[in-house]
1. Kindly give the distances from residue B:586 to its copy-mates, label point to label point, with each label point 7 Å from Cα along Cα→Cβ, as nm values to one decimal ordered shortest first.
2. On a 0 to 90° scale, report how tilted helix B:26-42 is relative to the longest principal axis of chain B, with both axes built from alpha carbons and the result rounded to the nearest 10.
3. Taking each residue of B:586-597 in turn, how many C-beta atoms of other protein chains fall within 10 Å of its C-beta, and what is the average?
4. Cα centroids of the stretch B:451-477 and the stretch B:365-441: how far apart, whole angstrom?
5. Taking chain B as the reference, fit the longest principal axis to its C-alpha atoms, fit the long axis of helix B:412-422 to the helix C-alpha atoms, and give the angle between the two in degrees, 0 to 90, nearest 10.
6. Specify whether the C-alpha gyration tensor of the protein assembly as shown places it in the rounded, prolate or oblate class, a ≥ b ≥ c being the square roots of the eigenvalues: rounded for a/c under 1.5, otherwise prolate if a/b is larger than b/c and oblate if not.
7. Points 7 angstrom from Cα along the Cβ direction at residue A:355 and residue A:535: gap in nanometres?
8. What 222 nm value per residue comes from the helices of chain B, counting each DSSP H run with n ≥ 4 as -39,500 (n - 2.57) and dividing by all residues, nearest 500 deg cm²/dmol?
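Laboratory data are not the source of any read-out in this text; all were calculated from the coordinates shown. Since this is a predicted model, take the numbers as computed values, not measurements. A quick note on method: Cβ atoms are made from the backbone with ideal geometry, for glycine too, and the neighbour counts reach across all protein chains shown.
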């Protein structure tokens, strides 16, 4: 109770409180009164449950539930990109089946920032979950609203603006937002005041004393959150395996400045459309060196437009032009702000090097700046892009050659510093591969947090939290991947994926045999349709042998008179042809026999 | 001529000459006499042609031709691993069609070392090329011979032993081997004395003053090669984008020693079977700390066996045991030397974490040491392995956490040092992605080599070299990928690969319709065979609609009387069903209609 009382009081004691909203959901209100009245006596027995549905043991797809009694607060609702062995999948979203039937108990969704890993799944779920209120900063709100337009049958969202210091009460919880540096404006951590103590979620963050278009980290604020008492801290593990301190955007700016100063031809920058700080730097430098800027790529144009509207992107009138306009200027006055730093197949950079872009070709003397890291798994594609840029005469710079990209995530020193500021009793590493969570936990041990007070858990596990201790529940909730492929959500499962992998490896081999119902014998020559197996035109002999074998197998199986077991015959064809093809080629195409009785 | 005379004389002047062999091919002999007699007069007009068939613009598949008049010397004959978008492909070998019809002019194959990137394609080509003599160090020779056993119909190889200082004459060329540090013993560079001057090929190399199981780099020898005059240097670009100097194996040894000293449980090391230096380090450290060593994985066992036979691997009797034997010892006395550092699907480490290994499971307290870099593209799979090792309770160490792996390739400082030792007139960067070749060329510019004397070329281009200058020929020779898939060599081409990619993305959809020849109408309901598209059991309605459409399309097309254009009908079914499926799912499976008249 002490922490809560202090916290509620502190609004009047110096810190700026931007907004205080009381959520108007009946459930929230009743609970709100409830715990206020009997908390003193029950605090030690009360418990919270933290249930991650995504983001733990993976990068992206962040979604965390905090349950107090039966009320549920959701933090983030993101998606992630598919794994390498998931061909055709667009992205992966959380499994929310645990929330089915609990819609009325959902108090709201706190969104930390405007990237897709914390909010990309909103349009898939928000309607299904009874359209709970969404708490989001300006940037995240604008991107959420823009994205809703691409989905049909979406409810009208109830978005509550979050600013630094905003406070909201809902059910068990009283929430206060605090700003954190990342690589997009309006990134918020949340202090969630609960009957048993304060829970802090930092969002993805780094400490930056000289950020771009953002205020420096407010260490005093972080310290005062720590002084209020933090029962449990859940925080970003993405860079928990990276030693030292993340680079400041100031350093990046200096290096980019050098490149801009020395570039004689056009500058083409490749970065993420979501990396708004970097985009600002490129615009600022272009203005400094008299260059006009042309954003290229749909997501780049959209994000720049949103940011400009919100006042988050500063550009003089006439700096940002269309590519057609920009190309009227001399090369030394041109900056192209392109997507495709990961070698994405349809992004601008790939279209340029493949000579598919309507206006842009690489020309000798172009300076191409990759101001982004490489997402694991994309190394080869990025190398392909890089090689082709060099082939076409460009000068290429990337973060391996000089510090022209900084991660938005805290390195080991910052994670330790956060712990010393927050002094949490319990630590729950979130956001990262399992190895990152473990190494984050090791940092916590080094920082003096007791082993029993650190929880390394994964999606679907339940962490019971009381004031006295934490424990992992024996039960789990479903948290498997839900795959999105085109219009289908969750309809591509293990079976379909396995088939795709198998088809990719050795192709397929369909055999169509027509059987005369009366004689039980194959009529004519079986048809073979094969793709991805061998070059058929040069395999006439092999196909001939297969046809002969199919006729033999079918005739033998069916020729004995009496009822024919066609399932057996099909299996027989499948197995024998499969073996034959393997012997001849050491490949195992998917063999699919079709037997038609006429 | 001066260089050649000097070089021939130098054998008697202090340097150890291990072996001098004159090749007994008639062609070689005649040329050998030829150029000796009239070289003085023709040197300025004479020209060489350098033709890379692999290894330039890629990593691996090294193969270089040196043509003098019409004689051809081959350096290396390797393979490489497939790209990400080549499902099912085992590896890629060079296209040797340029050598067809020139078999008798091939003087021999110089192999630089016993890795597959310089010699993995030998069994595919050596017979086709008239079985020319192979010059190879002991380690390479043993591995080549062992590998031949896996291929049928191989000729008996003619392998000539190469040692440091070995000399061979063949045709135009007089060749001298010099040892270079890499990460496998018996790695040789070659000085190739030609009528127009000396060509040096360094092999993959690094400078190491404290290597393992190898002598330190002989800088004096390199300097004296430089003093003899180097017309053209072709050398390893793999690490041309890495600043500084490669790590010494001594540093690696110290860090590994720390891990061994502190490990209380079992140690499992994951490294390449070809990284023999590292394997020696692990064995030496195991002996130091009283551990028994069990090699796990076929290639690991084979390479250790070969190296032991050749005396390249030092292990006390009783150190190396089978896993069954090793497991009788206490955990603190066990080292498992495993393959699978890249997360290879069938390698030991993957089988252990997937609980498929007959004897080994990860147990709490195991120390797993990844003593290897990650090959670009394997990052996600390696992360999967790492995560699962942590999940199962192991402590994991890799090269990102501490220096426990060194590349076998020279970094920028070493490349520059080599240039200053060799003082080549011309530089040809080999072995590396195009960006690496370009950045190697930049280093050469910095080192004072004139721009016109540096050749950045790619596979299939021809570099004309005279004493006076170099030029790239307008003609090229075929150098495309030849893909090996199972028993097939080159039978998987663009078409098959594109089909595999397409099948992987959205699967396939075969429609079989039986049409009554008399009425032109579909009999019964068309069969649909689909895999990798959607989960069929839950798509009854969609399939029903497709069947209905197929019947309509076929009946409309064929019902008008007269001859039916079945090609047109099939295309019609394919397009209309394809569009329908895309509208319904936003996926594009490969639609394959089969129409059978009965």
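1. 4.2
2. Rounded to the nearest ten degrees, it is 60.
3. Working: counts 5, 7, 2, 1, 5, 0, 5, 1, 7, 1, 9, 2.
Average per residue, whole number: 4.
4. If we compute the Cα centre of each part, the gap is 30 Å.
5. 40 degrees
6. Values: a/c = 1.68, a/b = 1.26, b/c = 1.34.
Since a/c reaches 1.5 but b/c is at least a/b, the shape of the protein assembly as shown is classed as oblate.
7. Rounded to a tenth, the inter-label distance reads 2.4 nm.
8. Details: 17 runs with 193 residues, N = 598.
The helix-only estimate for chain B comes to -10000 deg cm²/dmol at 222 nm.
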